[in-house]
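Asks: Provided herewith is a single structure, encoded as structure tokens, for subsequent inquiry.
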Amino acid sequence: MRETYLTGIDIGTAGAKASIFDLKGNVVGSAYKGYRCEYPKPNWVEQDAHHIVSSGMEAAGDALAQSRIDPGRVASISFSTQRCCTICIDHSGSLLRPLISWQDNRTAAEVKDILQKITLERYYDITCMPLNTTWMISKILWLRKHEPQVFEKIYKIIQLQDFTLHAWGVDGYYNDLSDAGFYGLWDPYGMDWNDEILDLVKIDRAILPEPTPSGTKVGAVSKRASEKTGFMEGTPLCVGAGDQNCAAVGAGVVENGLLSVSLGTAGATVVYLNQPFRDPQRMAMVTHHVEQGRWQLEGYQAAAGSVYRWFKNEMTGLGDAPEDVSGKDAYGILDEWISQVPAGAKGLVFLPYLASAGTPRWNSEARGVLAGLTLSHDKGCVARSIMEGISMEVRDMIETFRRAGIGIDHVRIMGGATKSPVWNQMQADIYNRPVQTLKTSDAAVFGAAICGGVGAGIFKDMKEGVSALVSIDKEYRPRKENVKIYDELYHNYCLAYEGMDEKGVFHSMAKMQEQY
């Protein structure tokens with residue numbers, strides 16, 4: 001019997017990764033191509049969508065070459081894509097302007113305009129999304145107000161899932177159900193664009209794409225894409241999902257009691273929901289799970305791994321190289337510093353809001369804060385505080401879920417941060433729950449491959465794909481002595497945020513930064 005393979009491609013914020021898997025979950029070929037964000041003004045973040053797609057194709061071609069398999073044995077290709085990216089195209093499919101990133105916070109005025117028309121409570125009750133500058137609704141209104149010459153030419157406003165599928169050979173534009181929620185115009189339980197909100201903000205549903213379940217075959221690799229990548233023309237293309245939705249299934253989060261934590265460029269927590277749920281505090285967002293007819297409760301962290309990378313590049317003397325001058329791994333050096341410092345970083349508190357605060361604070365004016373410094377603190381203390389602060393924001397999300405009545409028994413962690421045993425154990429201690437790593441830590445690209453397996457008919461559903469492919473690598477259990485310290489540190493973390501917010505410090509700093 002000829003062996004069959006699945007290809008997953010993750011179109012991330014900082015780069016594209018392609019991996020080819022056999023049906024035991026083993027990686028037979030993998031490649032990565034990086035790209036950059038552009039920051040034309042404070043709070044603006046944009047990217048070149050064509051370059052992103054080309055990089056994904058290049059990574060896919062390299063992965064295929066590395067695998068040395070017959071391209072005809074690839075059963076499907078599917079995509080995990082960064083979410084909430086606003087792409088404007090005309091009738092010919094041409095880009096009208098650069099992609100507006102999910103990290104972009106230019107639309108505070110538009111959010112205020114929306115709140116003149118609908119209350120925060122009513123908005124959340126329809127969309128299950130706390131209104132903020134991230135969602136595409138405010139970006140659409142910004143475009144209409146500030147770039148009318150672009151807006152009048154728009155045929156569709158799409159995201160990277162639709163754009164990538166089309167570039168590979170799909171006719172039309174198919175947005176996955178999970179990404180539909182990030183327009184801020186979608187009812188996840190009514191399964192449709194919401195006419196009440198569309199009417200209030202005067203957005204025509206004709207410019208929106210066609211939401212489609214993950215794991216749906218929608219086309220095949222075109223001759224042009226085949227020539228660029230080496231994949232066989234006619235290979236099935238299947239709808240994937242947003243990166244965190246793919247990562248949840250790639251981590252095996254397909255049953256109650258499991259939480260996934262991804263500390264990539266941004267951070268995300270995901271809890272599986274087998275029935276409709278709205279956060280009574282209206283703080284956590286609900287999106288579609290890749291398993292049709294199920295949902296996931298999410299926490300969103302605007303910057304996670306990117307904060308740690310910023311610290312390494314700008315504040316440690318290690319720069320942006322993966323190794324120091326002696327050839328030692330730069331992140332390994334940071335682990336050595338951190339391991340010499342006790343839990344709690346000798347009382348330092350770090351608020352990791354370098355790109356605003358997401359769940360559960362939802363404050364676009366929040367900024368990064370390092371509090372508690374004394375002359376006794378060294379670089380190791382600061383490094384540990386940065387790592388702890390990023391994880392404390394996840395703890396903040398877990399506490400929100402707990403107050404909403406959501407039970408969490410185990411945490412599965414993924415992404416580049418899992419390479420650090422220090423950070424893995426730290427998370428178990430901060431969350432006070434067993435933390436598990438995965439044999440395939442790149443859960444987003446893995447989840448995309450599972451979506452493709454369903455679309456190709458190899459698996460009857462997502463749960464069967466998870467059962468066949470996903471497996472646990474290691475488990476870290478919380479240490480009681482550190483749990484107590486981190487409970488106290490979390491209390492101080494909350495006090496630090498509340499003081500900065502309630503006294504207007506965040507607002508004052510944000511206003512001052514507008515001039516730069």
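Conditions tested, residue by residue: (1) touching a residue at least 12 places away in the same chain (Cβ under 8 Å); (2) over 15 Å from HIS289 (Cα atoms); (3) out of contact with any strand residue (DSSP E or B) (no Cβ under 9 Å at 6 or more places or on another chain).
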| residue | (1), (2), (3) |
| --- | --- |
| PHE182 | yes, no, no |
| ASP187 | yes, no, no |
| VAL221 | yes, yes, no |
| CYS238 | yes, yes, no |
| ALA241 | yes, no, no |
| LEU258 | yes, no, no |
| THR265 | yes, yes, yes |
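Asks: What residue, of ALA18, ALA14, is among the small types (Gly, Ala, Ser) and closer than 18 Å to SER226 by Cβ? Talk me through it step by step, then tell me what you get.
Replies: Numbers: ALA14 fails: closer than 18 Å to SER226 by Cβ.
The conditions single out ALA18.
Asks: Which members of the stretch 140-153 meet the condition of being surrounded by fewer than 19 Cβ atoms within 10 Å (Cβ to Cβ) and either touching a strand residue (DSSP E or B) at 6+ places or on another chain (Cβ under 9 Å) or touching a residue at least 40 places away in the same chain (Cβ under 8 Å) (or both)? Break it down stepwise before answering.
Replies: Going through the stretch 140-153, the residues surrounded by fewer than 19 Cβ atoms within 10 Å (Cβ to Cβ) turn out to be 144-150, 152-153.
Within the stretch 140-153, GLU147, VAL150, LYS153 qualify.
Asks: Can you confirm whether CYS88 is in contact with a Phe, Trp or Tyr (Cβ under 7 Å, 6 or more places away or on another chain), surrounded by 22 or more Cβ atoms within 10 Å (Cβ to Cβ) and touching a residue at least 60 places away in the same chain (Cβ under 8 Å)?
Replies: Values: in contact with a Phe, Trp or Tyr (Cβ under 7 Å, 6 or more places away or on another chain): no; surrounded by 22 or more Cβ atoms within 10 Å (Cβ to Cβ): yes; touching a residue at least 60 places away in the same chain (Cβ under 8 Å): yes.
Answer is no for this residue.
Asks: Also: Can you pull out the helices (runs of 4 or more DSSP H) entirely within the stretch 173-289 that have at least 2 residues that are among the aliphatic types (A, V, I, L, M) and crowded, with 22+ Cβ neighbours inside 10 Å?
Replies: Numbers: elements: 177-180, 195-201, 223-229, 243-250.
Hits in the stretch 173-289: 177-180, 243-250.
Asks: In the stretch 240-277, what residues are under 21 Å from SER54 (Cβ atoms) and out of contact with any helix residue (DSSP H, G or I) (no Cβ under 6 Å at 6 or more places or on another chain)?
Replies: Matches in the stretch 240-277: none.
Asks: Could I ask something else about it? Give the stretch 433-479 a look and list any residue that's closer than 22 Å to ASP409 by Cβ, small (Gly, Ala, Ser), in contact with a strand residue (DSSP E or B) (Cβ under 6 Å, 6 or more places away or on another chain) and surrounded by fewer than 22 Cβ atoms within 10 Å (Cβ to Cβ), or say none.
Replies: Once the filter is applied, which keeps residues that are closer than 22 Å to ASP409 by Cβ, small (Gly, Ala, Ser), in contact with a strand residue (DSSP E or B) (Cβ under 6 Å, 6 or more places away or on another chain) and surrounded by fewer than 22 Cβ atoms within 10 Å (Cβ to Cβ), the stretch 433-479 yields only SER441.
Asks: Which of (1) among the β-branched types (Val, Ile, Thr); (2) surrounded by fewer than 24 Cβ atoms within 10 Å (Cβ to Cβ); (3) under 20 Å from GLY358 (Cα atoms) does ILE137 not meet, given it meets every other one?
Replies: Among (1) among the β-branched types (Val, Ile, Thr); (2) surrounded by fewer than 24 Cβ atoms within 10 Å (Cβ to Cβ); (3) under 20 Å from GLY358 (Cα atoms), ILE137 violates only (2).
Asks: Tell me which residues, restricted to the stretch 290-308, are closer than 19 Å to CYS128 by Cα, buried (at least 21 other Cβ atoms within 10 Å of the Cβ) and among the small types (Gly, Ala, Ser).
Replies: Scanning the stretch 290-308 gives GLY299, ALA302.
Asks: Another question, if that's okay. Is it the case, given these coordinates, that GLY372 is buried (at least 24 other Cβ atoms within 10 Å of the Cβ) and in contact with a strand residue (DSSP E or B) (Cβ under 9 Å, 6 or more places away or on another chain)? Show your work before the answer.
Replies: On the way: buried (at least 24 other Cβ atoms within 10 Å of the Cβ): no; in contact with a strand residue (DSSP E or B) (Cβ under 9 Å, 6 or more places away or on another chain): yes.
Here the answer is no, as GLY372 does not meet what is asked.
Asks: Continuing with this model, one more query. Tell me whether the stretch 68-87 contains one or more residues that are out of contact with any helix residue (DSSP H, G or I) (no Cβ under 6 Å at 6 or more places or on another chain) and more than 29 Å from ALA247 (Cα to Cα).
Replies: No: the stretch 68-87 contains no residue that is out of contact with any helix residue (DSSP H, G or I) (no Cβ under 6 Å at 6 or more places or on another chain) and more than 29 Å from ALA247 (Cα to Cα).
Asks: Kindly list the number of the only condition in (1) closer than 26 Å to ASP329 by Cβ; (2) more than 20 Å from the chain's Cα centre (by Cα) that fails for ILE413.
Replies: (2)
Asks: Is it the case that the stretch 106-113 has a residue that's surrounded by 16 or more Cβ atoms within 10 Å (Cβ to Cβ), aliphatic (A, V, I, L, M), in contact (Cβ under 8 Å) with a residue 12 or more places away in the chain and touching a strand residue (DSSP E or B) at 6+ places or on another chain (Cβ under 7 Å)?
Replies: No, there is no match, as no residue in the stretch 106-113 is surrounded by 16 or more Cβ atoms within 10 Å (Cβ to Cβ), aliphatic (A, V, I, L, M), in contact (Cβ under 8 Å) with a residue 12 or more places away in the chain and touching a strand residue (DSSP E or B) at 6+ places or on another chain (Cβ under 7 Å).
Asks: Might you let me know whether the stretch 466-489 holds any residue that is part of a strand (DSSP E or B), of a type in the set (Ser, Thr, Tyr) and within 19 Å of GLY267 (Cβ to Cβ)? Give the steps one after another, and end with the answer.
Replies: Of all residues in the stretch 466-489, those part of a strand (DSSP E or B) come to 472-476.
Keeping just the survivors that are of a type in the set (Ser, Thr, Tyr) gives 476.
Imposing the further condition that a residue be within 19 Å of GLY267 (Cβ to Cβ) reduces the set to 476.
Among the residues of the stretch 466-489, at least one is part of a strand (DSSP E or B), of a type in the set (Ser, Thr, Tyr) and within 19 Å of GLY267 (Cβ to Cβ), which makes the answer yes.
Asks: Can you pull out every residue in the stretch 309-361 that is surrounded by 21 or more Cβ atoms within 10 Å (Cβ to Cβ), hydrophobic (A, V, I, L, M, F, W, C) and under 27 Å from the mean Cα position of the chain (by Cα)?
Replies: PHE311, LEU334, ILE338, VAL349, PHE350, LEU351, ALA355, ALA357
Asks: Quick test for you: out of LEU263, LEU334, pick the one residue that is of a type outside the set (Gly, Ala, Ser) and farther than 25 Å from TRP135 by Cα. Lay out the reasoning, then the answer.
Replies: Numbers: LEU263 fails: farther than 25 Å from TRP135 by Cα.
Result of the check over LEU263, LEU334: LEU334.
Asks: Moving on to the next point. Scan the stretch 365-424 for residues that are assigned to a loop (DSSP other than H, G, I, E, B), farther than 17 Å from SER306 by Cβ and of a type in the set (Gly, Ala, Ser) and jot them down. Walk me through it before giving the result.
Replies: Taking the stretch 365-424 as the starting set, the residues that turn out to be assigned to a loop (DSSP other than H, G, I, E, B) are 365-368, 372-378, 404-409, 415, 420.
Okay, now just the ones that are also farther than 17 Å from SER306 by Cβ, so 365, 372-378, 404-409.
Hits for the stretch 365-424 are GLY372, SER376, ALA404, GLY405, GLY407.
Asks: Can I ask one more? Hey, any hits in the stretch 480-492 for a residue that's at pLDDT 95 or above, under 28 Å from ALA251 (Cβ atoms), over 29 Å from the mean Cα position of the chain (by Cα) and not β-branched (Val, Ile, Thr)?
Replies: Initial filter on the stretch 480-492 (at pLDDT 95 or above): 480-492.
Filter again for under 28 Å from ALA251 (Cβ atoms), leaving 480, 482-483, 485-487, 489-490.
Within this subset, residues satisfying the condition of being over 29 Å from the mean Cα position of the chain (by Cα) are 480, 485.
When the remaining residues are screened for being not β-branched (Val, Ile, Thr), the result is 480.
Within the stretch 480-492, one or more residues are at pLDDT 95 or above, under 28 Å from ALA251 (Cβ atoms), over 29 Å from the mean Cα position of the chain (by Cα) and not β-branched (Val, Ile, Thr).
Asks: If you go through the stretch 237-253, how many residues are farther than 15 Å from PRO213 by Cβ and touching a Lys or Arg at 6+ places or on another chain (Cβ under 8 Å)? Explain how you work it out, then say what you get.
Replies: Pass one, the stretch 237-253, residues farther than 15 Å from PRO213 by Cβ: 243-244, 247-248, 250-253.
Now drop any that are not touching a Lys or Arg at 6+ places or on another chain (Cβ under 8 Å), which leaves 243-244, 251-253.
The number of residues fulfilling the criteria is 5.
The values are calculated or read from the model by the stated rules, or taken from the named source; none is laboratory data. Predicted model only: the values in this text are computed from it and were never measured. Virtual Cβ from ideal backbone geometry, glycine too; neighbours counted across all protein chains shown.
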